[in-house]
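Structure record follows, encoded as C-alpha cells.
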Amino acid sequence: MKKFVNGIIACVMIAAVSMGTGCQKESESALGSITVKVGVSEIFEGLDLSGISVKIVNTSDNSTLEAETQADGVAVFNEISPAIYNVSASLELPAEVAVNYTGTNQAVTLNGVATNVTLLPSGNQTVELVLDGKAGGSLVIKEIYSLGATKDDYAILFKDQFIEIYNNSDEVQYVDGLYLADLGPSADGSDPDKSAPLGLSLDEYVYAAKVLQFPGNGTDYPVEPGKSIVMALNAVNYKADKPDAVTVDNSTADFDTYAIDWLQEQGRTGNPALDVDNPQVPTMKCIYLNIQNNGCFNFASYGSVALFKLDSTPTETVLDPNSLSTQIYYLKMPVSGIIDGVDNLAATDAGAYKRLPSSVDAGFFCPKGYTGDNAAITGLNYSGNSIRRKVAKVLPDGRNVLSDTNNSTNDFEVVEAPTPRCYDLN
C-alpha cells in the first residue's frame, strides 16, 4: 500500500512538473516583438539616425523598456509581453547642430510618439515614428496645482488651485496680454466606457473650455530670468485657519480670477462659494467659460493647460461632437499662438484624449501613472499633490533652467504638495 501511495505521489509530482513546463513554454510562446522605425521631419533630413533613444511603456503596469536605434534608425524590442504600449523616441540637438536646420542658435529636442500600440500574443508590431520639434520657449508652465485636497478634515477641495509660469530664458519676459486656457475635451480618459475623445483635428486649433487673459499694456508685468508669476484661482491664505493642512497661501499670488461680475453682465450666475475676489491682487480678464451658470475658472483636475500669444481674441466656438442633452461648446484657439502647453491626462493609456498636438507636447503627463523619483506619491484627485516641471540644469549664477523638451511625459514630475516659486532665484 505504501509503495502504491508513493507511486501516486510520484505521478502527481511528474504531472505537476510537466504542467509547469507546458505553462512556461506557452507563456514564452505568447511573447511578441515591437520594431520601431525612426525617421525625422523634412526640415531635419540628413540627421544621423543611429543611437536615438526609444522607449516603450506598458500602459497596464507602467513598466518601461528602452533601446537605441541602429544605423538604419531601427530599434527592436524582442520577447516582450502582449499588452498596450506607448512608444516614444527623442533626440536632443545642441544649439551648434540645430542652427544648421532651424536657422536659430537654440537647442532643440526632437520627439515622436505613438500611443496605444496593441501587441497581441505572439504578435509582431511595427511602429513608425517621425521626429520633429522646435526650440524651447522663454516662458514655460512650471507648475499646475489642480488636483486639490481634502486631507486633515479641511475641505479646501480645489479652491486653492494655481498655475505658475516661469521665465526659462536669460532675458526679461512680459505676460501682459497673454492668454491662459484650460483645454477640452472635459473627458480625460479616466473612464473610457462613459466618455469619448473629442475627435476634432488638432492641426490648426485646440479647443478651450475656459480662457483667461493677463492684464497689462505690454510692459506692466515683467518676469525676470529665473523668476515666475503665480495665477491663483483665489488669492486667499487658506493656511490661516489650519497651518498644517495640505493647502496653499495664495494671498501672495501675482494674479487671481473673479468671474461673478462678468457672468452677471451676460445674464449668467456665478458661484460666490468658490469664487472669491482679493482687491489687492490684479484680476485676470475673463474671456470664455463654457459653464452657463454657477461656474468659475477652476482648472480640471487632470486638465491640459496652454499659454498663448495672440493678436486678437478668438470668438469662434465648436460644438463637442459627443454632446448629448447638454451641449458643450469650446472656444477655438490657434495652435500657431501657443507659447507653451502641457497635456495632463488621467490614465497612461489615454493618448486618444490628448488635447494638444504633438508639435506642442509630444507626449502627455499622467500623475496617477508617474514612475519617477516620487513614484510613491499617488497623483490622485484631492490628494494635495501637484505636478511640476523638472530642473534640467543649474547655471553658475544659481539660475535653474527647467526641462523643456516639448514632451511632458519627460519634463514633469509629481510632488507631494504644491511648491509655488520654489525655483525662483533668491
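FYI, it's all coordinate maths here, none of it is from the lab. Bear in mind the structure is a predicted one, so any value in this text is a computation, not a measurement. Note that we place each Cβ from the backbone using ideal geometry, even for glycine, and neighbour counts take in every protein chain shown.
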- Which angle between 0 and 90 degrees, to the nearest 10, do you get for helix 2-29 versus the longest principal axis of the chain when only C-alpha atoms count? 50
- Message: If you build the convex hull over the alpha carbons only and average its shadow over all orientations, what do you get for the stretch 287-426? Give it in nm² to one decimal.
- Response: 11.0
- Item | D397-T219 FRET efficiency (beta carbon distance; Förster radius 22 Å; 0.05 resolution) | 0.35
- Message: Could you give the length gained by full extension between S53 and E92, i.e. 0.36 nm per residue of separation minus their alpha carbon distance, to one decimal place?
- Response: 13.1 nm
- Query: If you take the square roots of the eigenvalues of the alpha-carbon gyration tensor of the stretch 38-176 and sort them as a ≥ b ≥ c, do you get rounded (a/c under 1.5), prolate (a/b over b/c) or oblate?
  - Reply: oblate
- Mind checking which aspartates and glutamates have their C-alpha under 16 Å from K134, skipping anything on the same chain fewer than 8 residues away? E42, E45, E92, E96, D203, D340, D361, D404, D411
- Task: With a bin width of 5 angstrom, please list the P(r) values of the stretch 325-389 as percents of all Cα-Cα pairs, from the 0 bin to the one holding the largest distance.
- Result: 3, 14, 21, 20, 17, 14, 7, 2, 0
- Would you mind pulling out the separation of the Cα centroids of the stretch 82-138 and the stretch 252-315, in Å? 35
- Item | Compactness of the chain, expressed as Rg and Dmax over alpha-carbon positions, Å | 24.9, 100
- Item | Long pairs among K227/K390; K159/K242; K210/K354; K142/K242; K142/K393; K227/K332, criterion Cα-Cα beyond 19 Å | K142/K242; K227/K332
- Under unit Cβ charges (Lys, Arg +1; Asp, Glu -1), what dipole magnitude, rounded to 20 debye, does the stretch 30-131 have relative to its Cα centre? 260
- Message: I want the local charge near P215. Using Cβ-Cβ distances under 13 Å, sum +1 for each Lys or Arg and -1 for each Asp or Glu among the other residues.
- Response: -3
- Query: Where in the stretch 335-357 does the label zone of T371 land, with the point 7 angstrom along Cα→C-beta and an amide N cut-off under 16 Å?
  - Reply: 347-351
- Distance in nm between D72 and I291 label points, each 7 Å along Cα→Cβ, equals 5.5
- Task: For every other residue with a beta carbon closer than 12 angstrom to the beta carbon of I260, add +1 if it is Lys or Arg and -1 if Asp or Glu, then tell me the sum.
- Result: -3
- Message: Just want the answer: with Cβ charges of +1 for Lys and Arg and -1 for Asp and Glu, which residue in T315, I52, I165 is farthest toward the dipole's positive end in the chain?
- Response: I52
- Based on Cβ point charges of +1 for Lys and Arg and -1 for Asp and Glu, what charge dipole magnitude is obtained for the chain about its Cα centre, in debye rounded to the nearest 20? 1220
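Taking the Cβ of I34 as the centre, find all other residues whose Cβ is under 15 Å away and add up their charges (Lys, Arg: +1; Asp, Glu: -1).
Its environment carries a net charge of -2.
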- Task: Step through the residues of the stretch 355-370 one at a time and calculate ³J(HN,Hα) from phi using the Karplus curve (6.51 cos²θ - 1.76 cosθ + 1.60, θ = phi - 60°), rounding each to whole Hz and writing x for Gly and Pro.
- Result: 9, 10, x, 5, 5, 9, 9, 5, x, 7, 9, 10, x, 5, x, 5
- With N set to the residue count of the stretch 50-115, report its C-alpha Rg divided by 2.2 N^0.38 Å to two decimal places. 1.34
- Query: Over all distinct alpha-carbon pairs, what is the Kirkwood Rh of the stretch 243-356 in angstrom?
  - Reply: 16.7
